[in-house]
1. Of everything in the stretch 269-283, what is surrounded by fewer than 24 Cβ atoms within 10 Å (Cβ to Cβ) and either of a type in the set (Val, Ile, Thr) or within 15 Å of ligand 2 (Cβ to nearest atom) (or both)? Give them in sequence order.
2. Can you name the condition, by its number, that Thr314 falls short on among (1) in contact with a strand residue (DSSP E or B) (Cβ under 6 Å, 6 or more places away or on another chain); (2) hydroxyl-bearing (Ser, Thr, Tyr); (3) within 16 Å of ligand 2 (Cβ to nearest atom)?
3. Criterion first (free of Cβ contacts under 8 Å to residues at least 24 places away in the same chain and within 16 Å of ligand 1 (Cβ to nearest atom)) does Ser525 satisfy it?
4. Quick one: is Ala347 within 16 Å of ligand 1 (Cβ to nearest atom), over 27 Å from Asp677 (Cα atoms) and outside any strand (DSSP E or B)?
5. Taking the stretch 51-87 as the search range and keeping residues that are part of a strand (DSSP E or B) and among the polar types (S, T, N, Q), which one is surrounded by the fewest Cβ atoms within 10 Å (Cβ to Cβ)?
6. Within the stretch 422-452, which residues are over 22 Å from Met272 (Cα atoms) and either buried (at least 19 other Cβ atoms within 10 Å of the Cβ) or of a type in the set (A, V, I, L, M, F, W, C) (or both)?
7. Condition (residue is loosely packed, with under 15 Cβ neighbours inside 10 Å, assigned to a helix (DSSP H, G or I) and over 22 Å from the mean Cα position of the chain (by Cα)) applied to the stretch 596-604: is it met by at least one residue?
8. Among the residues of the stretch 348-360, is there at least one that is more than 16 Å from ligand 2 (Cβ to nearest atom), out of contact with any Phe, Trp or Tyr (no Cβ under 8 Å at 6 or more places or on another chain), basic (Lys, Arg) and over 21 Å from Arg280 (Cβ atoms)?
Amino acid sequence: MRPDILNPLFAEVEALPGVGPQIAKALKRIGITLAVDMLYHLPTGVIERIRAPAASSVLLGRTVILELTPFEIRSPRSGRGPTRVFASDSDGNTVSLIYFNNPGWAKKSLPMGETRIVSGKLEAYGDEWQIIHPEVVAVGADADLPVREPVYPLTEGITNKRMRELAGHALERAPELGEWIEPSLLEREGWRKWQAALAEAHADPAAAEARRRLAYDEVFANQLALLLLRQSSRRKRGAPLAGDGQLTDALKLPYQLTNAQRRVIGEIRGDMEQSVPMLRLLQGDVGSGKTLVALEAMLIAVEAGAQAALLAPTEILARQHFDTLSKQLTSLGVHVAILTGREKGKARESVLMGLAAGSIDILVGTHAIFQEKVAYKKLGLAVIDEQHRFGVSQRLLLSQKAERPPHLLVMTATPIPRTLTLTQYGEMDVSRIDEMPPGRTPVETRVISDEKLADVIGGLGRHIDAGGQAYWVCPLVEESESSDAAAAEERSRVLRLRFGEGKVGLVHGRMKGPEKDAVMGAFASGDLAVLVATTVIEVGVDVPNSTLMVVEGAERFGLAQLHQLRGRVGRGTGKSICLLIRGDKLTETARARLALMRESNDGFRIAEEDLRLRGPGEILGTRQSGEEGFKVARAEDVEALAPIARSDAKLMLERDGGLAGPRGQAARTCLYLFERDQAIALIRSG
Ligand code: ADP
Ligand code: MG
């Protein structure tokens with residue numbers, strides 16, 4: 001149960017004074033639904049106002065506070081154009097106050113002949129002064145125009161002043177909580193108590209230490225959650241699966257395993273032999289051969305008489321895995337089946353029956369395969385491929401689902417810096433494939449201005465005339481699937497006109513599954529020369545003959561994404577090229593990021609640098625990984641604090657595994673503040 005002391009904070013925002021349905025709706029748009037969300041909606045900047053006796057040129061461009069007395073109002077004659085109120089300061093200068101809309105408001109808030117306190121950015125207007133859309137308060141109400149005012153991230157319909165008031169109300173509801181931070185750490189860092197730190201972070205966005213303490217709380221909750229998840233996953237007995245080598249030995253491979261693959265398979269084999277369920281993250285750059293590792297692990301499970309399931313993030317990938325596995329395994333007598341949202345009716349029934357009866361050894365599919373209704377006879381191993389969307393809560397569900405939870409192998413090619421591994425997969429042991437299969441030529445990457453698009457298309461023509469194949473990726477337009485699709489459709493039209501209908505295929509997220517499969521199939525078999533796509537092809541797709549990758553609007557992609565896309569080529573032995581087409585308006589950071597892509601083919605280096613390049617204040621994780629990011633902690637906080645929080649949380653659980661003592665109880669409140677409903681499940685099962 002949630003600690004009672006938090007109840008006032010877990011009330012809906014409507015419970016705060018002055019929040020009606022309208023405001024509540026606006027707040028919801030930026031993710032604020034509970035009072036506690038408001039509490040953690042921290043200001044990110046500050047307005048500095050200068051109190052001045054009169055307007056003067058030294059104040060140009062600054063936000064000033066002036067005492068002004070209006071003497072004339074001029075409304076636009078035609079109903080268009082601004083309303084101007086002319087007012088004088090104590091030196092007799094004229095300052096005109098400008099309103100582009102709402103002339104009634106100007107009249108009401110600036111009555112002629114009455115002195116008001118006015119604030120806004122002072123600009124020159126001929127040889128006089130002006131302020132556009134000033135804030136106005138009565139004389140004596142200066143408190144409403146503080147010299148330093150914290151500025152909150154806003155949304156339409158909520159002013160900064162209102163946001164400040166709401167934060168104040170939320171703060172009033174924040175009780176003094178028991179301390180969860182290790183006393184010696186608190187002392188060493190000189191941190192204040194939780195409530196005081198929050199108050200300070202709201203009052204002054206530059207209060208670095210207050211903010212750091214709050215960031216620590218968040219990272220600590222994250223680490224505690226992951227350790228509880230580990231505890232609960234490992235407390236249940238799983239089935240020890242020791243393979244006899246019959247299937248793995250019989251598997252015919254056209255090549256030798258790399259040393260890294262062999263080592264990692266050994267680690268997995270060692271885990272699966274235990275009755276404590278495996279929790280392993282397999283990191284390996286794009287093209288490093290993770291699929292084969294998964295295959296070996298699944299064969300071990302099957303040899304030991306259990307079933308294995310392989311979860312792919314997309315339909316396309318699920319089909320591709322199913323095809324490869326069927327090809328390799330049918331002759332060994334291993335029965336592979338597929339289950340996605342598309343298997344319906346009889347086909348679906350027969351898969352469900354096969355799973356329950358145990359006649360299906362390996363199931364490949366999308367998220368459907370771990371749904372409630374899918375019952376396995378004996379699921380021994382779950383493999384999650386390219387898991388971007390398989391977050392902590394899904395892992396928690398999976399570990400709680402079965403009496404005997406399966407061994408779990410999560411595979412990712414998203415190169416994650418070490419600290420992020422700790423915060424995203426902190427409950428897992430980590431294996432790394434740090435070696436590429438031999439004979440690969442590194443992909444050559446070039447950054448090209450979009451003014452040269454015609455040349456790129458010309459080059460593409462020569463490439464396909466020589467029998468080559470190519471991907472052409474269109475960027476994310478406004479984060480919306482439909483506009484992405486439109487851009488890709490438009491591009492494919494252009495390329496078809498040039499190269500012929502039959503040569504150019506198109507896939508995007510709005511197409512139906514079978515349609516997508518048909519196109520992918522035609523590309524894989526070489527019937528299509530060019531595949532125009534949105535980022536649906538980002539993960540996993542494997543067509544070695546395709547050696548040219550064109551990415552339009554490259555500056556709009558995350559680096560991890562670009563690296564993934566580039567990983568679609570360079571899979572055969574021939575030379576591959578990746579062309580990153582950029583727009584003409586690039587920020588410094590965007591330039592540096594593209595340069596990094598050109599220089600390095602090393603996913604881990606790119607990830608580390610990317611973390612550094614993202615300026616302070618950019619919040620982690622959201623766009624790049626698809627995982628929920630942190631609210632308070634910034635990238636640099638996480639990097640510094642995660643290892644400390646890790647050992648602190650570990651120590652706490654070692655001393656007080658049930659979180660029953662005073663600090664344990666306090667840690668529960670911390671967990672609730674950040675992990676919300678998930679905390680209930682974690683505490684119950686931890
Ligand atoms: P990823 O780690 O990105 O999932 P894949 O498993 O798709 O990589 O492997 C990429 C390509 O490398 C595939 O075509 C696969 O057949 C090939 N491959 C895997 N292991 C080896 C190896 N040891 N030697 C040569 N080629 C390999
Ligand atoms: Mg893969």
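1. The initial filter retains those residues of the stretch 269-283 that are surrounded by fewer than 24 Cβ atoms within 10 Å (Cβ to Cβ), namely 269-271, 273-276, 279-281, 283.
Passing the criteria: Val276, Leu281, Gln283.
2. So the condition that Thr314 fails would be (1).
3. Working: free of Cβ contacts under 8 Å to residues at least 24 places away in the same chain: yes; within 16 Å of ligand 1 (Cβ to nearest atom): yes.
Against the criterion (free of Cβ contacts under 8 Å to residues at least 24 places away in the same chain and within 16 Å of ligand 1 (Cβ to nearest atom)), Ser525 qualifies.
4. Numbers: within 16 Å of ligand 1 (Cβ to nearest atom): no; over 27 Å from Asp677 (Cα atoms): yes; outside any strand (DSSP E or B): yes.
The answer is no for Ala347.
5. Among those that are part of a strand (DSSP E or B) and among the polar types (S, T, N, Q), it is Thr69.
6. Within the stretch 422-452, Leu422, Thr423, Gln424, Met436, Val443, Thr445, Val447, Ile448 meet the criteria.
7. yes
8. Within the stretch 348-360 (the criterion being more than 16 Å from ligand 2 (Cβ to nearest atom), out of contact with any Phe, Trp or Tyr (no Cβ under 8 Å at 6 or more places or on another chain), basic (Lys, Arg) and over 21 Å from Arg280 (Cβ atoms)), the answer is yes, since at least one residue qualifies.
The values are calculated or read from the model by the stated rules, or taken from the named source; none is laboratory data. Computed from a prediction, not measured in an experiment: that's the story for all the values here. Note that each Cβ is placed from the backbone with ideal geometry, even for glycine, and that neighbours are counted across all protein chains shown.
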